[in-house]
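What follows is one structure encoded as structure tokens, with my remarks underneath.
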Amino acid sequence: MEEVKTNIENLIEVKNLVKYYPVKGGVFRRVVAQVKAVDDVSFSIRKGETLGLVGESGCGKSTVGHTMLGLIPHTSGSVEYDGRSVLGLKGEESKEMRRHLQIVFQDPYASLDPRLPVGDSIGEGLRIHRIGDRQEQFEMVQRALKNVGLEDYHAMRYPHEFSGGQRQRIGIARALVMNPKFIVLDEPVSALDVSIQAQVLNILKALQNEFGLTYLFVAHNLAVVEHISDRVAVMYLGKIAELADRKELFKEPLHPYTQALMSAIPIPDPRIKRERIILKGDVPSPLNPPKGCRFHPRCPYAMKVCAEREPDLLEAAPDRFVACWLHQEHSAEEGKPLEISVA
Ligand code: SF4
């Protein structure tokens with residue numbers, strides 16, 4: 001395990017990923033606007049690490065996960081897995097790639113066929129990819145169940161016979177049975193009770209240790225992300241605002257949006273008080289994101305430059321990336337405070 005964690009070779013490279021949804025209108029149903037769900041996002045994920053991708057709902061974090069695996073078509077940009085392009089593959093090539101890249105959804109009940117015993121659902125990928133004969137497939141399903149803490153006999157039961165936590169274990173088993181290298185975990189514990197969340201997170205960690213898995217962990221809950229991630233990327237309105245080592249980020253967030261998110265995490269010690277940063281206004285629409293820094297209408301530190309020019313995601317310290325003019329060069333005039341009126 002230690003060997004996997006210290007290997008900083010990248011397994012996944014996402015470059016300038018864009019996903020726009022066209023909005024059609026008028027008599028001729030022409031494209032009249034674009035919802036910019038993911039807008040020029042770049043990051044890498046190292047072999048054996050968990051990258052947490054966090055942000056408010058609607059910020060585009062799940063869309064990043066789905067687009068990376070080709071589950072929804074991308075608008076532009078590229079995704080590489082171990083040096084090989086993932087997007088735009090067809091036929092056998094696409095099928096081959098899919099084996100290595102799996103996903104666990106937030107709601108496993110919705111992704112399980114209620115008419116099938118869960119053993120059949122878990123083994124579906126093996127049958128599609130023609131991996132092993134019937135006996136081998138049966139054994140692989142049994143092993144996957146065992147790896148997520150379920151019993152052999154559970155394979156014969158139906159999805160409605162399981163609790164939420166067990167169903168999520170089944171979702172994980174379904175990904176695991178394919179012997180993947182990389183898994184997108186799309187809000188895998190958001191729908192679960194807090195006590196069950198810890199169990200599922202511990203299973204995910206144990207599986208990562210045992211099989212050297214690499215995760216993209218998508219979540220809106222910072223406390224959960226802190227528990228499982230090695231590095232964390234914070235998204236706001238389709239862009240990455242900050243990306244850093246988990247410990248560094250939680251110790252000293254650099255981006256004002258990350259600072260506001262952190263200030264909302266409760267501290268389990270009544271003697272320690274943290275000042276909550278209340279942001280002005282609502283998250284703007286991705287249909288028409290603000291010019292310049294997308295966060296500027298809500299940012300307590302907004303300067304003139306913020307309303308004019310979009311900051312790039314640049315390295316502010318070794319292995320710490322932030323998209324904010326507070327950490328980038330600008331003129332004295334551009335650095336004057338911006339007066340913003342919020343309705
Ligand atoms: Fe705030 Fe400006 Fe930084 Fe955006 S670039 S987060 S508006 S200080």
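The values are calculated or read from the model by the stated rules, or taken from the named source; none is laboratory data. Computed from a predicted model, the values in this text were never measured in an experiment. When we count neighbours, we look across all protein chains shown, and the Cβ atoms used for this are built from the backbone with ideal geometry, even at glycine. Only protein heavy atoms, including side chains, enter the accessible area calculation; ligands, DNA and RNA are left aside. Shrake-Rupley method; radii C 1.70, N 1.55, O 1.52, S 1.80 Å.
State the answer as a single residue: which of ILE128, PRO188, GLY25 lies farthest towards the positive end of the charge dipole of the chain, with beta carbon charges of +1 for Lys and Arg and -1 for Asp and Glu, about the Cα centre.
GLY25
For the charge dipole of the stretch 276-319, defined by +1 on Lys and Arg C-beta atoms and -1 on Asp and Glu C-beta atoms about the Cα centroid, which residue among LEU279, CYS306, PRO289 has the Cα displaced farthest towards the positive pole?
LEU279
Hey, how much of the P(r) for the chain falls beyond 32 Å, as a percent of Cα pairs? Walk me through the intermediate numbers first.
On the way: 20781 of 58653 pairs.
Considering the chain, 35 percent of its Cα-Cα pairs are separated by more than 32 Å.
Carbon and sulfur atoms: what percent of the 1.4 Å accessible area of the stretch 201-275 do they account for? Let's see the in-between values first.
On the way: 1640 of 3230 Å².
On the stretch 201-275, the fraction of accessible area on carbon and sulfur atoms equals 51 percent.
About its Cα centre, how strong a charge dipole does the chain have in debye, to the nearest 20, once Lys and Arg get +1 and Asp and Glu get -1 at the Cβ? Intermediate results must be reported in sequence, preceding the final value.
On the way: 44 positive and 45 negative charges, 169 e Å.
Dipole magnitude for the chain comes out near 820 debye.
Could you tell me which of the pairs LYS247/LYS304; LYS146/LYS205; LYS15/LYS280 are separated by over 22 angstrom between their Cα atoms in the structure shown?
On the way: LYS247/LYS304 32 Å; LYS146/LYS205 15 Å; LYS15/LYS280 32 Å.
The answer is LYS247/LYS304; LYS15/LYS280.
Return the unpartnered cysteines for the chain, using a Cβ-Cβ cut-off of under 4.7 Å.
Isolated Cys, the chain: CYS59, CYS299, CYS324.
Could you tell me which of ASN10, SER42, GLY77 has its Cα farthest along the dipole of the stretch 1-114 towards the positive end, charges placed at Cβ (Lys, Arg +1; Asp, Glu -1), taken about the Cα centre?
Farthest towards the positive end: GLY77.
For ARG276 paired with LEU314, estimate the spin-label separation in nm (one decimal), with each label point 7 Å from Cα along the Cα-to-Cβ line.
3.5 nm
What does the charge add up to near ARG320, with Lys and Arg as +1, Asp and Glu as -1, over the other residues with Cβ less than 13 Å from its Cβ?
Details: positive: ARG231, ARG246, LYS247, LYS251; negative: GLU242, ASP245, GLU248, GLU252, GLU315, ASP319.
Here the count lands on -2.
I'd like the Karplus ³J(HN,Hα) series for the stretch 184-200: coefficients 6.51, -1.76, 1.60, θ = phi - 60°, whole numbers in Hz, and an x wherever there's a Gly or Pro.
Values, residue by residue: 8, 9, 8, 6, x, 10, 4, 8, 9, 4, 4, 5, 6, 3, 4, 4, 5 Hz.
Give the shape of the stretch 203-294 as rounded, prolate or oblate, defined through the alpha-carbon gyration tensor: a ≥ b ≥ c are the square roots of its eigenvalues, a/c under 1.5 means rounded, and otherwise the shape is prolate if a/b is larger than b/c and oblate if not. Don't skip to the end; give the middle numbers.
On the way: a/c = 2.37, a/b = 1.29, b/c = 1.83.
Judged from the Cα gyration tensor, the stretch 203-294 comes out oblate (a/c at least 1.5, b/c at or above a/b).
Could you go through the stretch 53-68 in sequence order and give the Karplus-derived ³J(HN,Hα) for each residue, using 6.51 cos²θ - 1.76 cosθ + 1.60 with θ = phi - 60°, rounded to whole Hz, and x for Gly and Pro?
With coefficients 6.51, -1.76 and 1.60, one gets 10, 10, x, 5, 5, x, 7, x, 5, 5, 4, 4, x, 5, 5, 4 Hz.
Based on the Cβ-Cβ distance of ASP120 and GLU80, what FRET efficiency does E = 1/(1 + (r/R0)^6) give at R0 = 30 Å, to the nearest 0.05? Please list the in-between numbers first.
Values: r = 34 Å, r/R0 = 1.12.
Using R0 = 30 Å, I get an efficiency of 0.35.
Any aspartates and glutamates with Cα under 19 Å of the LYS95 Cα? List them, leaving off those in the same chain fewer than 8 positions away.
Reachable aspartates and glutamates: GLU80, ASP82, GLU124, ASP133.
Hey, what's the Kirkwood Rh for the stretch 36-150 if you take every pair of different alpha carbons, in angstrom? Don't jump to the answer; show the numbers that get you there.
Details: mean 1/r = 0.0604 Å⁻¹.
It works out to 16.6 Å.
When the chain is modelled as a GNM with alpha-carbon springs shorter than 10 Å, which of THR67, THR50, THR214 fluctuates the most?
Residue with maximal mean-square fluctuation among THR67, THR50, THR214: THR67.
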